[in-house]
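Presented below is the structure to which this report refers.
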Amino acid sequence: QPARRGPASRSAGMRPIAVTAVIIVVSALSAPTANGFVSRLGCTLRSRLVAARMGKFGRCARGAGAGPMMMVGPRKQSGLGGEWLSESATKKEEFVYTSTEGVVDWGRWAVCSREGRGKGTQVGGSLNQDTAIAGALTEGMALFGVFDGHGQDGGIVSQYVAANLPPKIARIEPTLAAAGLKAADCEGVLRDVFMEVHQEMCDPSSGVSAFISGSTGLTVSAISNDGPLRLIVANAGDCRCVLASKGWGGKLTATQLSQDQNPDRTDERQRIESLGGIVGMVDDTPGNPPAVRPPEYTEKYGLDLGPARVFWRDGTWNPPFHEFFPGLAMARSFGDQCLDELGVEPIPEVAIHAVKPKDKFLVIASDGVWQVLSNEEVVAAIAGNEANAGQAVEACVSLAAQKWDQQGGYRDDITCVLMTFDSA
C-alpha cells in the first residue's frame with residue numbers, strides 16, 4: 001500500500017447517520033459444478049463487525065486490505081451449513097458461461113453473465129469480475145443483486161460482498177417490511193449493513209485486498225409477506241435496475257428505479273470535491289503533458305476522454321501513486337479504501353416500488369449492459385419472452401455483447417438479472 005503525504009485524514013461527507021434460506025450466487029470466480037458456475041450459499045452466514053477500533057461508522061484503518069487473496073486454498077465454510085463460494089479463480093472462455101433460473105411465489109427469475117474481452121492489459125486481467133445473487137432469502141423476502149468488481153482483485157471483492165451482504169439484509173427484514181413505501185425508513189438500516197460489509201472487508205483479517213480494488217452493487221429486496229409485492233432498491237455505484245410496465249395500447253415502457261452514481265453527477269461531484277477530491281478525465285493527447293480535465297473542458301472542446309473519474313490531488317501519495325491516482329470511474333463503491341476519505345463509500349440510494357398489475361418485469365444489470373444499450377433497448381430485448389426467463393435474459397446479454405463487438409476491441413463483463421411478475 002502506498003504511503004500518504006500531506007495532512008491527516010479528512011472526515012468524509014456521507015458519514016452514516018434467524019431465518020435459514022438458500023440463495024443462488026452466480027459468481028464470476030466460482031469453480032464449475034454440476035449446475036454450471038453456481039454455488040449454493042447458506043444465507044445465515046455469521047455476521048460480525050471487525051471494526052471496533054474504527055467506531056461503528058469510522059473509516060477503514062490505513063493498512064487494511066493488505067493480505068493474501070481470498071478464495072485461495074481449501075473451500076471456506078460458513079459454519080452454518082452453507083458452502084461458501086469457490087476455492088479459487090478460474091479463467092473462463094468467451095461465451096455465455098453462467099446462466100441459471102428459478103421460481104418464487106410471485107414470478108420467475110433468471111441470471112446470465114458473459115465474460116468480457118480485451119482486458120489482458122487492464123487491471124483485473126481476463127477474469128469476469130461480476131457476481132450476481134438471486135432467490136428466496138427468508139420466508140417473506142427474496143433478494144436479487146448484481147456486483148460489478150473493478151481493479152486487480154475486483155472479482156474477489158464482488159464475491160465477498162455477494163457472500164456477506166445477504167445475511168445482513170435478512171437481519172433487517174422486519175424494518176424493511178414495516179417501511180411500507182417510505183424509503184426514508186429503510187435508508188438507515190441499509191446504509192448500516194452496506195457499510196458493515198465494506199468495513200469488515202477492509203479489515204486485514206478478511207484477507208481481501210481492497211485498497212485499490214472494489215465493486216459497485218445494487219440489490220432489490222422483494223417483500224411479499226404483507227400486501228402487494230414491494231421492491232426495495234438499494235444502489236451503490238453504476239449498476240442499474242429498470243422496470244418494464246404496460247402503457248397505452250399495451251406498449252411496454254421502461255422506468256429506471258435507480259440512479260447511476262457517476263462522479264460527474266452534479267451532487268456527487270460537489271460532495272467529492274468538497275472533501276478535497278478531483279473529478280475529471282485524463283487528457284493524454286500526444287504533444288502535451290498528461291492532465292486531468294474537468295467535465296466542462298471536455299464538453300467545450302468536444303473531447304472524448306472516457307468517463308469522469310475520481311482523483312486525489314497530485315502529490316497526496318508517494319510515487320508511483322503521486323499523480324492521477326486512482327482514477328475511479330464511479331462515485332460510490334465497496335472497497336476502494338484509498339478513496340474512503342473522499343466519500344467514495346457504499347452508501348446506497350434507496351427507492352421503493354409497489355408492483356402493480358401493469359408491471360411485467362424488472363431488469364438488474366452491470367454497466368456492461370447499460371454502456372451499450374438504453375433502458376428501452378433492454379426492455380425490447382426481453383419483451384414477449386418473459387415466460388421463458390432464461391432465454392430472455394440470455395437474449396439481453398447477447399445483444400449487449402453484439403453492441404460491444406460492433407465497436408471492436410474491449411468488451412466489459414456483462415451480467416443481467418431478470419425478475420418477472422407473473423401474478424402482478
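The values are calculated or read from the model by the stated rules, or taken from the named source; none is laboratory data. Note that the structure is predicted; figures quoted are calculated from it, not measured. Heads up, the Cβs are rebuilt from the backbone with ideal geometry, glycines too, and the neighbour counts pull from every protein chain shown. For the accessible areas, the whole protein counts, side chains as well, though only heavy atoms, and no ligand, DNA or RNA atoms are used. Shrake-Rupley method; radii C 1.70, N 1.55, O 1.52, S 1.80 Å.
Quick notes on this one:
- When 188, 227, 180, 247 are screened for being open to solvent by 10 Å² or more (accessible area, probe 1.4 Å), more than 18 Å from the chain's Cα centre (by Cα) and closer than 20 Å to residue 331 by Cα, only 188 passes.
- Condition met for residue 371 (among the polar types (S, T, N, Q), within 23 Å of residue 260 (Cβ to Cβ), over 22 Å from the mean Cα position of the chain (by Cα) and open to solvent by 10 Å² or more (accessible area, probe 1.4 Å)): no
- Residue list for region 396-424, filter: open to solvent by 40 Å² or more (accessible area, probe 1.4 Å) and either at pLDDT 95 or above or in a helix (DSSP H, G or I) (or both): 399, 402, 403, 405, 406, 407
Quick grid of which residues meet (1) open to solvent by 40 Å² or more (accessible area, probe 1.4 Å); (2) over 25 Å from residue 323 (Cβ atoms):
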position: 255; (1), (2): yes, yes
position: 262; (1), (2): yes, no
position: 269; (1), (2): yes, no
position: 275; (1), (2): no, no
position: 281; (1), (2): no, no
position: 288; (1), (2): yes, no
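- If the condition is being open to solvent by less than 20 Å² (accessible area, probe 1.4 Å), charged (D, E, K, R) and assigned to a helix (DSSP H, G or I), then region 124-173 contributes only 168.
- Selection within region 314-346 - part of a loop (DSSP other than H, G, I, E, B), surrounded by fewer than 24 Cβ atoms within 10 Å (Cβ to Cβ) and at pLDDT 95 or above: 329
- Between 242, 197, 208, the distinction of being within 14 Å of residue 143 (Cβ to Cβ) and either part of a loop (DSSP other than H, G, I, E, B) or open to solvent by less than 10 Å² (accessible area, probe 1.4 Å) (or both) belongs to 197 only.
- Meets criteria (at pLDDT 95 or above and either out of contact with any Phe, Trp or Tyr (no Cβ under 7 Å at 6 or more places or on another chain) or surrounded by 11 or more Cβ atoms within 10 Å (Cβ to Cβ) (or both)) for residue 305: no
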